[in-house]
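Have a look at the structure below before the remarks.
The values are calculated or read from the model by the stated rules, or taken from the named source; none is laboratory data. These numbers come from a predicted model, not from an experiment. Heads up, the Cβs are rebuilt from the backbone with ideal geometry, glycines too, and the neighbour counts pull from every protein chain shown. SASA here: full protein model, heavy atoms, side chains in, ligands and nucleic acids out. Shrake-Rupley method; radii C 1.70, N 1.55, O 1.52, S 1.80 Å.
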Amino acid sequence: MRSLLRVGELGRPLLAPPNFLGRAKRLLAQNKGSTDALIGGRRGLHIESKDESLFLRSMKEAFAYHSLASPPFQALCADAGFYPWSLRRSEQIPEIPYFFVTALKHHSVSSVKEEDVALTLRSSGTTGQTSAIVLDRTSLRRIRRIVHHIYDDLGMRDQRRTNYLCFTYDPEVAKDVGTAYSDKLLTSLTKVQDVFYTIEWNEQKKDWHLDSRRVEEAMDRFEASGRPFRLLGFPAHTWDVLNEVVARRGKAYKFGPLSYVITGGGWKGFDGRAIPKPEFREGVARALGIPRDNVRDLYGMVEHGVPYCECEKHRMHVPRYSRVYARDPATLQLLDYGQTGLLQFVTSYHHSYPAISLLTTDYGHVLESCPCGRPSPVLVLEGRAGL
């Protein structure tokens, strides 16, 4: 006889299988430490055959933990009839019950007590509806290590003191905006000389403001310093403001081969025109006086957290800490490499937030390999799939 797990949101009872708590706790104990062992691997973009079994164990650990800690996630498991002990092979990882990303804009979920939350982040949505995720100290420690390992593998960590221009919100004001936190994390890839946040808070108007002349002053100062320079932020801001600044000063900058641009976000300029990536790379590299290969795009979302950054061949790699799958938008069946569908993201690092499996409204496909030679799959984005 199965016992009631909880009452579903539609009022129907959700039944727990026999000895749910005991089986989940045993599985959690058996795989304890697997996630931290996975994150301990420093070759962020190298997935070897031995890593598959470790990733599977880490997902078993996360699956068991959240099934015990989060009632909404318990409900997903009961609804799907798929539980932590159902996960036996790597091929079954996509079957871990997923949250649909849009649902997370309407419902708050957590796997820790309120007093254990160290940071709350919100997505930078433009439609008024945003997601909020909570991070405890364990999750923060893990994601910092993940980010550092990924950029280590890309050759983008550096001990030189570097100046940063961030086309995003000042994190001292926008403490809970995911993009502001992401840029703060990216500035930790080097020693920091100075950081300039271009989008400042206007206390009188109670609104955010970007002044291109302040941007120009900061960039002139950074160029004169002779130090490496990194530009982070939204492609639209980077493209439009940089073109305006260079046109006004009448000449390009000369920041050199140790400088980088890392963009993330939408690819439409303020005039609504889609910016082709090759055109963007060429134009930005020329305006800043840096190598074209040092202009990299980054994909990420606050609900998932793992970054997907371009290598020198301008392909986004799936790191050893996550997996990406494409699903048919009509049937939700898994698709093969190269086939386009809705993207599903899986990761085990979340400790405070149960979205270890997430189905998004982003459209794309996954390729098995990259010409750069790093042994990890490639994520190819094709845009938004709509509502």
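A few notes on this one:
- To put it simply, the accessible area of segment 268-334 at a 1.4 Å probe is 53 percent carbon and sulfur.
- The share of alpha-carbon pairs in segment 9-120 lying farther apart than 25 Å comes to 29%.
- Cα Rg, Dmax, segment 246-325, angstrom units: 14.6, 47
- Computed over segment 71-169, relative contact order equals 17 percent, with contacts defined as Cα pairs under 8 Å that lie 6+ residues apart.
- Note: relative contact order over the chain, using C-alpha pairs below 8 Å and six or more positions apart, is 16 percent.
- Near VAL195, the amide H atoms lying under 5 Å from its own belong to TYR164; only residues 5 or more places off or on other chains count, and H is placed 1.01 Å from N.
- For the peptides 65-76, 35-46, the ranking by packing is 65-76, 35-46, with the highest mean count of neighbouring Cβ atoms within 10 Å listed first.
- Each listed q (0.10, 0.13 Å⁻¹) maps to a log10 I(q)/I(0) for the chain from the Debye sum over equal C-alpha point scatterers, namely -0.67, -1.10.
- Angle in degrees between helix 277-288 and the longest Cα principal axis of the chain, rounded to the nearest 10: 40 degrees
- Across the accessible surface of segment 60-164, with the other protein chains kept in place and a 1.4 Å probe, carbon and sulfur atoms take up 45 percent.
- q = 0.21 Å⁻¹, segment 304-376: log10 I(q)/I(0) [Debye, one scatterer per Cα]: -0.97
- Cβ-defined net charge surrounding VAL380, 13 Å radius [Lys, Arg +1; Asp, Glu -1]: -2
- Per residue of the chain, the DSSP helices (runs of n ≥ 4 H) give a summed -39500 (n - 2.57) that works out to -9500 deg cm²/dmol at 222 nm.
- Alpha-carbon Debye profile of segment 67-143, log10 I(q)/I(0) at 0.12, 0.18 Å⁻¹: -0.44, -0.92
- Most fluctuating residue given options ALA80, ALA287, ALA355, as computed from a GNM of the chain linking Cα atoms under 10 Å: ALA80
- Each Lys and Arg Cβ is given +1 and each Asp and Glu Cβ -1; about its Cα centre, the chain then shows a dipole of about 880 debye.
- The Stokes-Einstein estimate for segment 50-91, based on a Kirkwood radius over Cα pairs and taken at 37 °C with 0.692 mPa s viscosity, is a diffusion coefficient of 308 µm²/s.
- Rounded tilt (10° steps) of 20-30 against the dominant C-alpha axis of the chain: 50 degrees
- Residue by residue, segment 84-90 carries 3J(HN,Hα) couplings of x, 6, 6, 7, 10, 10, 4 Hz when phi is fed to the Karplus relation 6.51 cos²θ - 1.76 cosθ + 1.60 (θ = phi - 60°); x denotes Gly or Pro.
- Per residue solvent-accessible surface (Å²) - the chain, probe of 1.4 Å: 46 Å²
- Between the helical axis of 71-80 and the longest alpha-carbon principal axis of the chain there is an angle of about 70 degrees.
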